[in-house]
Amino acid sequence: PTEWSTETSVTWPGRAGRFLPGTLTGCVAGSGEGGPSSSRVFVVRRDQDIYIQTLRKLFNESHGIFVGLQRSEEELAGKSRKAQLVQVSKNYRSVIRACMEDMHQAASKFVSWPCFFQVSILSAMELIWNLCEILFVEAAAAGPLLLRLLDWVRLHVCDVDNMVREVLSSENPSKHELFWNVVDVFVLQGRMDEARHLLSKEASANPASMNMYKILDDLMKKMPMPSLGNTQTLTEMELKWQHWHEECQRYLQDGTFASNSHMESICKILLGDEDAILEKKELMTTWYHFLVTRLLYSHPTVKPMELRFYAQSSMDLFLGGESSPEPLDTILMAAFEFEMHQVIKECSIALSNWWFVAHLTDLLDHCKLLQSHNLYFGSNMREFLLLEYASGLFSHHSLWQLGVDYFDHCPEYGRVYLELHIERIPLNTEQKALKVLRICEQRQMHEQVRSICKIMAMKALRNNRLGSALSWSIRAKDAAFATLISDRFLKDYCERGCFSDLDLIDNLGPSMLLSDRLTFLGKYREFHRLYGEKRFSEAAKLLLMLMTAHIAPCSFWMTLLTDALPLLEQKEVIFSAEQTYELMRCLEDLTAGKSDKQKFQDDDVETMKVEMLRLALARNLARVIVKEGTLEGS
C-alpha cells in the first residue's frame, strides 16, 4: 500500500473462484484517458478504503474485538488460551462476512461495480483469514486438520445451494441435467449424506441400478473419517481407511459400476484417482478445492508439515502450466508452507488497506508465533503494521477516534505517533476539540493540551466569544493569553457598561490567580456583586484594595474612581478619612501622570469626571471628619 504507480493492480477470486481484475490505487496527474498531455488530474489518497462508507462496519466492530483482545491478554492462560484466541479469530471473520453481505446487497441494489469488486476482496480476505485460523491459531493436528479444511472448502469455494434447489424442485430430479453435477460436488466436498440422499432418488427412478446404488451407498456410508475427539488413534484411522480403500478397489476392478459411468466415476474419486478428480475441474474451480479433495481420498491423516508438498503438486496439476499463479494463489501457498511472514508480506502488497494485515498480525502475535519474524523489520512487526493502520484511520474525519486505541497498544512508538497525529486533527467544532482534549488529558499529553486550548481560545477570540476564549485560556494555563482576554473583557465593559458571560466570571474560583489581570477581573466583578447586594462597606474596601495594591491597570483607575462616586454620595458615610485620603492620592497620581499634551487632548467629559470626583472626595472628607470628630468628642 505504500508504493503507488499508474499501473499497479491486483486480482482476486470471485464467488465461484474465478478471478476479477481490480485497480489497487488511483492514478497520478496526467495519466487519464487523454494520455500524457491530458489535463485531467487524479487525486491519489493513502488508504482510500477508509473512505468507503460500507466498510465502516468493518473498522468499527473490529476495533472492539481488538481492544477486548488486548485487555484480556493477562487472562489468557493454559488450555483455555487457544480456545479464546480461536474465538477471537472467528469474531473477526464474522465481521468480515457481515460487511461482505451488506456490501453485496448494496451492489445488487445499485448495480455498482466498485461494490462488487469490494465483495470479492472481502471474500478473499475471509478465505485467507480462515485458512490462517486453521493452520496457525487453532494449529489443527493430523486428522482434525482435514475436517477443518473440508469446512473451509465448503464455506468458501463452491456454493451448490442454488444448483441443489433447482434440481430438487424439478419434477424428476434424477433426470435433471445438473443432477450428477450436484452429486459429484457433494462427493468432492466429502458431503456423503447429501450425496447418498440424491443417489437414492436415482435408485428409485431406475430400479435396474438398485444393486449398484446399494453397493455405492454402502461404500460411502462406511467411509472412515477423522474424528475431532480422541476416540481413535491415527493408526486405527489409517487401518480402517486402508481396508475401506481396498474394498472400493475390488468393486472397481470387478466392473461392478461399469454399466453406469457416473457411479464408476464416483468410485474412482473415492479411490483418490487424480485423473478422475481432475475431470471434475470445472466443478471444483480452484486448485485448493482440488487439494482438499485429493487429501480426503488419498491421505486423510495428513500432517500439517506435509501440506506444503501436496499443495504445490496440487496447484501444478490443476493449473497445468496454463497460467501463472494469481496473488491469492501465492498467499494461500505461503500459508500452506507455514510461511507467516510471507503471508503478511504478500497481503500487504496486494490489499489496498492495512486492516487485514494489522489485525491478523496482532492475533498471530498473541499466539506467540511471530517472535522469530521481527528481525525482518528491525523492530516489532505487529507494532509496525498497527502504526500504519492507525495512521490511515487518522486521515478520516471520524474514524480517527478508533486509531487512538491502536496507538495506545503500540508500546514502543505508539505515544510518539499519537502526539504527532493529534496535532494534525482539524478542530472544526468545539465538541470535536473537547473530544481531542479529553483524549490528551487522559494520557497526560500536556503539550498537546496546551496547544489545543490555545488554538480554540484564539478561534473564540476572533469570533468575539470572550467567555469561551477565557475558558480555553484558563484550561491551557496560559497566563499571557488570559491577560489579553481579561483586557478585552474590561474594554468591553467600558464600552457597554456591563459584563458579558457573568456565569463564567462569577465562578472563576482559584483560576483567577492565573494572572494579575484575571485576578482583577474576578475581584472587580465581585465588587459589582457586593454593590448590587447593598454591602457598601465591603464593596468600598474591595474597590480601594484594587487600586492601592496595584492589581488594577492604571488605564482602568478612572473607571474605578468613577465607580466610587455613588459610594461617596451615599447618605451614610462609607469611606473613612484614611480611605478618602487614599482615593484622593490615587486621583492625583492619575492626573499627575499625564503630560500636558495628554491633558490638552482630554475631552470635557473626562475633565468633568475629575472635577466631580474631587468635589465628592472633599465633601466625603468633610463629612467623615465631622463624624469621626463627633465620635471622639463623645
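The values are calculated or read from the model by the stated rules, or taken from the named source; none is laboratory data. Owing to the predicted nature of the structure, the values given are computational and were not obtained by experimental measurement. Positions of Cβ are backbone-derived with ideal geometry, glycine not excepted, and every protein chain shown enters the neighbour counts.
Of the helices (runs of 4 or more DSSP H) that lie entirely inside segment 450-543, those containing 3 or more residues that are of a type in the set (Ser, Thr, Tyr) span 466-476, 479-496, 516-532.
From Thr256, Thr286, Thr233, grab the single residue that is over 20 Å from Ser314 (Cβ atoms), surrounded by 14 or more Cβ atoms within 10 Å (Cβ to Cβ) and β-branched (Val, Ile, Thr). When all the criteria are applied, what remains is Thr256.
Looking at Ser323, Ser314, just one residue is buried (at least 21 other Cβ atoms within 10 Å of the Cβ), over 30 Å from Leu69 (Cβ atoms), at pLDDT below 95 and small (Gly, Ala, Ser), and that residue is Ser314.
Looking across segment 544-578, the residues that are in a helix (DSSP H, G or I) and not aliphatic (A, V, I, L, M) come down to Thr548, Cys554, Ser555, Phe556, Trp557, Thr559, Thr562, Asp563, Pro566, Glu578. Evaluation of Phe384 against the conditions (1) assigned to a helix (DSSP H, G or I); (2) farther than 16 Å from Cys440 by Cα; (3) under 14 Å from the mean Cα position of the chain (by Cα) shows that the sole unmet condition is (3). Only one entry in Ser451, Ser395 is without any contact (Cβ under 8 Å) to a residue 60 or more places away in the chain and of a type in the set (S, T, N, Q), namely Ser451. Here Val137, Val119 are screened, and the one residue that is under 22 Å from Ile96 (Cβ atoms), in contact with a His (Cβ under 7 Å, 6 or more places away or on another chain) and not assigned by TED's automatic domain parsing to the domain that holds Leu283 is Val119. Could you please let me know if Thr429 is exposed (fewer than 14 other Cβ atoms within 10 Å of the Cβ) and of a type in the set (Ser, Thr, Tyr)? Judged against the criteria, Thr429 is a match.
Of the helices (runs of 4 or more DSSP H) lying entirely inside segment 157-225, those containing at least 3 residues that are farther than 19 Å from Leu278 by Cα span 161-168, 192-205, 210-222.
If you go through segment 357-405 and keep only what is modelled with pLDDT under 90, crowded, with 19+ Cβ neighbours inside 10 Å and among the polar types (S, T, N, Q), you end up with just Asn380.
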